[in-house]
Amino acid sequence: MIQNSPALAPLLLLATAISLPVLAIKKTKVAYPVTMVASFGSVIISSYNICLVLRNGPLTYHFGGWFPPIGIEYVLDPLSSFVALVVNVIAFFVLWHSGGIQEREIPGKSVPYYALALLFLCGANGIIVTGDLFNLYVFMEIFSLAGYGLIGIGEKQAPVASFRYLIMGTVGASFYLLGIGFLYIVTGSLNMADVRNILPHIHGNPAVAAALSLIFIGMGIKMAIFPLHGWLPDAYTYAPSTSSALVAPIGTKIAAYVLIRILFFVFGVEFVSQELPITDSIAWLSAIGILYGSVMAMAQSEMKRMLAYSSIAQIGYIGLGIGLANPLGYIGAVLHILNHAFMKGSLFLVAANVRRKTGQSNIAKLDASLRKKLPWTMAAFTVAALSMIGLPPTAGFFSKWYLALGAIDRGNWVFLAVILVSSLLNAVYFFRILEKVYLIPPPAQKTGEDLNPETGKGRGSLVGEENFSLMIPVVIISFSLLLIGLGNATIVEMIIQRIIPLGM
Amino acid sequence: MTDFLLGHYVYWSIIALLIIGLYGMMLKNNLAKKLIGMIIFQVSIIMFYVASAVKWSATVPVLDPAIGVADAAKYISPLQHCLMLTAIVVGVATSGVAFSLAILIYRHYKTLEESDLMEHMKSS
C-alpha cells in the first residue's frame, strides 16, 4: 500500500474516467455519484500521501519494477503531495457544486462532462507526481485534451474559444516536447533526478540553453504568462460555468507547478538565474502581466470575463514569485498556487450561482436584490474578493506578503510597487461589484416573489439558496480562505520550507 | 561551412517544416488550414526525434547473435522511436479533438473563416 501510493490517485481517476461511460450507459444519473466517489477517493489518497511524506520523507514508485533512469518513476515529495492535495480538494468541491448546475447548463451531456472532468483530474495528478520528463508530456496532453473538451462543451461560442486554446496549447506542448528532445540528446536521460545530476557535467552546452528556453515558452503558453495569454479570456468566458470553475483554478496552476519543478529541480537555481536570465524574464513578464490583467479586468463588463483577466494577473503573482528566485518569493509562489486555486474556484462558483439565479452575469445588471436572493453566495463572494485584494486575515494577504518580502529581499522596488498597485486595482474592480450588491439600496419592490425579504423566512428569502449543493461548496471554499490565512504559518513551516530548492 | 550546412541538412529541413507549421497556424485565416499547420508542426518534431536516433554502422535494436550484447553501441537506441510512437498517438488524439471542434463550429456558424467567426462572436 505504502510503496504503491504515489500511483494510486492518477490510476483511480483514470480507471473511473474510462469506465464511467460504460457504467452510465443505461442510467445517466449514476455519473454524478460515481464521479463524487472517485473524486473523494483522490482527496483521501492525497491527504494520506501528504501525511506519509511529511512523516517519512519522499516516496517513489517505479512502474513495472523498472528502476530509474530506465523506468518511469513517480515521486511524491512535500511539493508534489501538497499541490496534489490542493488540486484534488478544489476539484472535489467544484464537482460537488456541479451536481446542481450541469443539468441546466449542459443538458444531456452529464456523462461526457464527468468523464472529461475525471480525465482532466487524472492528467493533473499524473503531471504532479511524475518524475519523468516524457511522461509529463503525455499527462500534459491528457490534461489539456480533457480541458479543451470541457471548455468546448458549452454554448455556441465555446467551440471557437476552445479551438483557439487547442491551437495555442498544442504549440505549447510541442515546444515542451522539442525542449525535452534537446535535453535527451545532450543528457541521454529523461528522468528528472538523473538529468539534474548529469547537467553540471555538460556545462556550457548551448543545447541545454535551447532546451530551457523552449520548455519555458511551452509552459508559458500553458500557464498564460503575459504575452502568451491570448487563449485564456475567451476560453474561460464562453465555457459553461461549471467547466470554467474546474479549469480556471487547476489549469494554469499545473503549468506553474511544472515550471517550478523543471526550472528549480531539473535545471537548478543557479543555472536559471545566473547563466541564463530566465527567471528575470519571467519576473518582468509577470510584473507586466499583473498590471495588464488588473487593468483589463477593470474594463470588463461581464463577470466571468473579469475573473478571466484577473486570472492573468494572479498567474503573474505566481510567475513573479518564481522569477524572484529567492526563498521568500518561492514561498509566496507556492502559497499563491494554493490561495489562487481556492479564490478563483470560489469566485467562478459564485459567478455560476449568479448566472443560474438571474440568467446572466453582466456586472452592470447586478443589483442589490442579489444580497436577498443569494445571501450566502454573496457573503462567500465578499470573502473571496477581500482575499483577492489581499486584506488580512484572508489567505491572499499572506502570499502577497511573502512576494513583497521577496521583492524587498531582492532589492527590486519596481516589483514591490507592482504588487501594491495591483492590489489597489483589484480593490477597484471587486468593489465595483460589492458596491452594487451591498451599498446601493434595494430596487423598488416589483413582484410578489421578491417581497418579504426582511423576515428571512418563507419563499422570498429561500428562493435563491434553495439548492444546498450549490451553496455549501462555495461557502466552504470561501471560508476556508480565512482558515488558510490564519494557518498559513503552519503550512509554510510544515510543507513549503521543507521543499526550498537547493542553492536558492 | 559547406560541411556544416550539408552535414545538418536533416535539421535544416526540420526547421523549415517547423516554420511552415507556425506560419500556417498564425497567419492562415481558415481553421482547417490552421489545423494543417498544427499537424505539420507536430510531425516536424517527430522527425526531429527520429533524426536524432540515426546512427551509421549500427543496426536495429533487436538482438543479433552475430553481434551479441557485448557492444551496445552497435545497436540504434530504440527509445526515441518508442517515444515518438506515443507522440504520434497524442497527435492523432489532438487532431481528432480539433476536427470535432471544427465540425461543431461549422454547424453553428456555417463558416470556418476566422475573421467571419470573430464578427459572429461579437454580434451575438
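The values are calculated or read from the model by the stated rules, or taken from the named source; none is laboratory data. Nothing here was measured: the structure is a model prediction, and the numbers come from that model. Cβ atoms come from the backbone with ideal geometry, glycine included; neighbour counts cover every protein chain shown.
Quick test for you: out of A:ALA224, A:ALA245, pick the one residue that is touching a residue at least 12 places away in the same chain (Cβ under 8 Å) and under 23 Å from A:LEU320 (Cα atoms). Walk me through it before giving the result.
Details: A:ALA245 fails: under 23 Å from A:LEU320 (Cα atoms).
Answer to the selection: A:ALA224.
Of all helices (runs of 4 or more DSSP H) completely enclosed by the range A:100-202, which ones contain at least 1 residues that are at the interface with chain B (Cβ under 9 Å from one of its Cβ atoms), aromatic (Phe, Trp, Tyr) and over 25 Å from A:PRO501 (Cβ atoms)? If you could, list the steps in order and put the result at the bottom.
Values: elements: A:102-105, A:110-129, A:133-152, A:158-187, A:192-198.
Hits in the range A:100-202: A:133-152, A:158-187.
Please specify each residue of the range B:88-103 satisfying the condition of being more than 7 Å from chain A (Cβ to nearest Cβ) and either surrounded by 21 or more Cβ atoms within 10 Å (Cβ to Cβ) or touching a residue at least 60 places away in the same chain (Cβ under 8 Å) (or both).
At the first step, the residues of the range B:88-103 found to be more than 7 Å from chain A (Cβ to nearest Cβ) are B:88-89, B:91-92, B:95-96, B:99-100, B:103.
Of everything in the range B:88-103, those that are more than 7 Å from chain A (Cβ to nearest Cβ) and either surrounded by 21 or more Cβ atoms within 10 Å (Cβ to Cβ) or touching a residue at least 60 places away in the same chain (Cβ under 8 Å) (or both) turn out to be B:GLY91, B:SER95, B:PHE99.
Only one residue in A:LEU59, A:LEU8, A:LEU23 is surrounded by 18 or more Cβ atoms within 10 Å (Cβ to Cβ) and out of contact with any strand residue (DSSP E or B) (no Cβ under 6 Å at 6 or more places or on another chain). Which one? Break it down into steps so the answer makes sense when it comes.
On the way: A:LEU59 fails: out of contact with any strand residue (DSSP E or B) (no Cβ under 6 Å at 6 or more places or on another chain); A:LEU23 fails: surrounded by 18 or more Cβ atoms within 10 Å (Cβ to Cβ).
Answer to the check: A:LEU8.
Restricting the search to the range B:108-124, which residues are facing chain A (nearest Cβ under 9 Å) and either surrounded by 15 or more Cβ atoms within 10 Å (Cβ to Cβ) or closer than 20 Å to A:LEU150 by Cα (or both)? It would help to see each step written out before you state the result.
Within the range B:108-124, the first condition is being facing chain A (nearest Cβ under 9 Å), and the residues that meet it are B:108-109, B:114, B:117-118, B:120-121, B:124.
Scanning the range B:108-124 gives B:HIS108, B:TYR109, B:GLU114, B:LEU117, B:HIS120, B:MET121.
Are any residues in the range A:82-94 touching a helix residue (DSSP H, G or I) at 6+ places or on another chain (Cβ under 6 Å) and either modelled with pLDDT under 90 or farther than 17 Å from A:VAL474 by Cβ (or both), and if so, which ones?
Applying the first criterion (touching a helix residue (DSSP H, G or I) at 6+ places or on another chain (Cβ under 6 Å)) to the range A:82-94 yields A:83-94.
Selection gives A:VAL83, A:ALA84, A:LEU85, A:VAL86, A:VAL87, A:ASN88.
Please find, within the range B:27-43, the residue that is nearest to the chain's Cα centre (by Cα) out of those that are more than 9 Å from chain A (Cβ to nearest Cβ) and without any contact (Cβ under 8 Å) to a residue 60 or more places away in the chain.
Pass one, the range B:27-43, residues more than 9 Å from chain A (Cβ to nearest Cβ): B:27-30, B:32-33, B:36, B:39-40, B:43.
This time we only want the ones that are without any contact (Cβ under 8 Å) to a residue 60 or more places away in the chain, so: B:27-28, B:33, B:36, B:39-40, B:43.
Working: B:LEU27: 18, B:LYS28: 18, B:LYS33: 15, B:ILE36: 11, B:ILE39: 6, B:ILE40: 5, B:VAL43: 2 Å.
Filtering first and then ranking leaves B:VAL43.
Can you list the helices (runs of 4 or more DSSP H) found entirely within the range B:1-89 that contain at least 3 residues being at pLDDT 90 or above and in contact with a Ser or Thr (Cβ under 7 Å, 6 or more places away or on another chain)?
Working: elements: B:2-7, B:9-27, B:31-52.
Per the criteria, B:9-27, B:31-52.
Identify all residues within the range A:403-442 that are more than 20 Å from A:ALA313 (Cβ to Cβ) and not in a helix (DSSP H, G or I); write none if there are none.
Result: A:GLY411, A:ILE440, A:PRO441, A:PRO442.
Could you pull out the residue among A:GLY131, A:GLY147, A:GLY126 that is under 30 Å from B:SER115 (Cα atoms), in contact (Cβ under 8 Å) with a residue 40 or more places away in the chain and surrounded by 21 or more Cβ atoms within 10 Å (Cβ to Cβ)?
Numbers: A:GLY131 fails: under 30 Å from B:SER115 (Cα atoms); A:GLY126 fails: under 30 Å from B:SER115 (Cα atoms).
When all the criteria are applied, what remains is A:GLY147.
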